[in-house]
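The values are calculated or read from the model by the stated rules, or taken from the named source; none is laboratory data. Since the structure is predicted, the reported quantities are computational estimates derived from the model, not experimental observations. Counting neighbours? That spans all protein chains shown, and the Cβs are built from the backbone with ideal geometry, glycine included.
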Amino acid sequence: MSARIGVAVMAALLALYIALAGQRAWLLLTSGEPVAIAIGAALVVLPLVAVWALGRELWFGWRAEQLGRRLESEGALPADDVAVHPSGRVVREDADAVFPAYRAEAEAHPDDWRAWFRLGIAYDAAGDRRRARESVRKAIRLEAAGRKR
């Protein structure tokens, strides 16, 4: 639940930024000075990029959450018992120990979105956020392709 609150706060802050940048962009665009007009045009483009990036991240989070719930309902989430620190973070050595099994499963079943999602969870537990996101994105693509068949 706290992640959703964080997302809502960040989205609200981005909306405030877009509104303020839009106001400044309008003032600069209507100033009549070439340099100010160029800066105003940039202030229009940057919020559009920010909106696109926010939309992409929200879509990723929503789809990943859907797949996670689906795996949970199927009883297919990783069930390895790994030690955790008092903060709730997984002990990295334990995560590294179970990681090869998930990598081998994804390599053995490259078209199975469940294997890639579990690999993403293992990457995340091992602290490799970039590869975790890549694996979950692949799981999302494979699951979507499976629905289209």
task = Of the numbered conditions (1) without any contact (Cβ under 8 Å) to a residue 60 or more places away in the chain; (2) part of a helix (DSSP H, G or I); (3) hydrophobic (A, V, I, L, M, F, W, C), ALA139 fails exactly one; give the number of that condition.
result = (1)
request  = Answer with yes or no whether ALA122 is in a helix (DSSP H, G or I), touching a His at 6+ places or on another chain (Cβ under 6 Å) and either among the small types (Gly, Ala, Ser) or over 23 Å from VAL82 (Cβ atoms) (or both).
outcome  = no
key: Residue selected from segment 104-149 under the condition crowded, with 16+ Cβ neighbours inside 10 Å and more than 19 Å from the chain's Cα centre (by Cα), by the criterion nearest to ARG63 (Cα to Cα)   = ASP112
request  = Test GLU57 against the stated conditions and say whether it is modelled with pLDDT of 90 or more, surrounded by 11 or more Cβ atoms within 10 Å (Cβ to Cβ) and either outside any helix (DSSP H, G or I) or of a type in the set (Asp, Glu) (or both).
outcome  = no
Residue list for segment 1-45, restricted to those being at pLDDT 90 or above, in a helix (DSSP H, G or I) and among the charged types (D, E, K, R) = ARG24
inquiry  = Looking at (1) in contact with a Pro (Cβ under 9 Å, 6 or more places away or on another chain); (2) hydroxyl-bearing (Ser, Thr, Tyr); (3) outside the structural domain of ALA125 (by TED's automatic domain parsing), which one does SER87 not meet, given that it meets all the others?
reply    = (1)
inquiry  = Conditions first: (1) farther than 19 Å from TYR123 by Cα; (2) surrounded by fewer than 12 Cβ atoms within 10 Å (Cβ to Cβ). ARG69 passes all but one, so which condition is the exception?
reply    = (1)
remark   = Only one of LEU58, LEU71 is touching a residue at least 40 places away in the same chain (Cβ under 8 Å) and farther than 30 Å from ALA15 by Cβ, namely LEU71
